[in-house]
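Below: one structure, written as structure tokens.
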Amino acid sequence: MSALKTLRTDAVWLLVALAAACGGERSQGAAPATEAAAEPSMSVRLVEPQDGDTVEGPVRVVFEVTGLDIVPAGTEQPRSGHHHLLVDVDLPPAGQPVPSTAGYLHFGQAQTEATLEDLAPGVHRLIAVVADFAHVPLQPLVVDTVHVTVR
């Protein structure tokens, strides 16, 4: 029994030594596997108008994204989607598509800018949201919100 215990102890120390040898110093500039596998974050930003702006109508809207491709609606590919602009309305419930009703503007031709001709004078909340091929907002959400005053 003592010989078996010694063998197990020796095996454990051998595994510890091997693990230490394999996990030695990393060369400068080399990324660990978890960093190399990490994907860049995705974001959308309303470049125009900016939060707090007072603008004259018609209102020009310009979207900018990072970490994903803007493609036409119906195009199913990883890390891609198309723009929607929500004007004075809320995001749809999680997992639900962006509605096709008043206040929900769809840019399914991969547009990256638009002109809002009929935005009434007053304060408005604009939410840019990127959705997938089926108009469901990406998860985690890729959104930006600005408040603007139209004169």
Base-10 log of normalised Debye intensity for the range 84-151 (one unit scatterer per alpha-carbon) at q = 0.21, 0.23, 0.26, 0.27 Å⁻¹ = -0.90, -1.06, -1.29, -1.37
request  = Count charges around Leu46 for me, please; just the other residues with Cβ under 9 Å from its Cβ, Lys/Arg as +1, Asp/Glu as -1.
outcome  = -3
task = Kindly identify the range 56-98 as rounded, prolate or oblate by the Cα gyration tensor criterion: order the square roots of the eigenvalues as a ≥ b ≥ c, call it rounded if a/c is under 1.5, otherwise compare a/b with b/c, prolate if a/b is larger, else oblate.
result = oblate
note = For the range 36-138, the dipole about the Cα centre with charges only on Cβ (Lys and Arg +1, Asp and Glu -1), to the nearest 20 debye, works out at 200 debye
ask   = Mind listing the Cα extents of the range 36-126 along all three principal axes, in Å, largest one first?
value = 47, 26, 23
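Read-outs: derived from the displayed coordinates by stated rules, not from any lab. It should be emphasised that the depicted structure is a prediction, and the values quoted were computed from it without experimental measurement. Please note: Cβ atoms are built from the backbone with ideal geometry, for glycine as well, and neighbour counts cover all protein chains shown.
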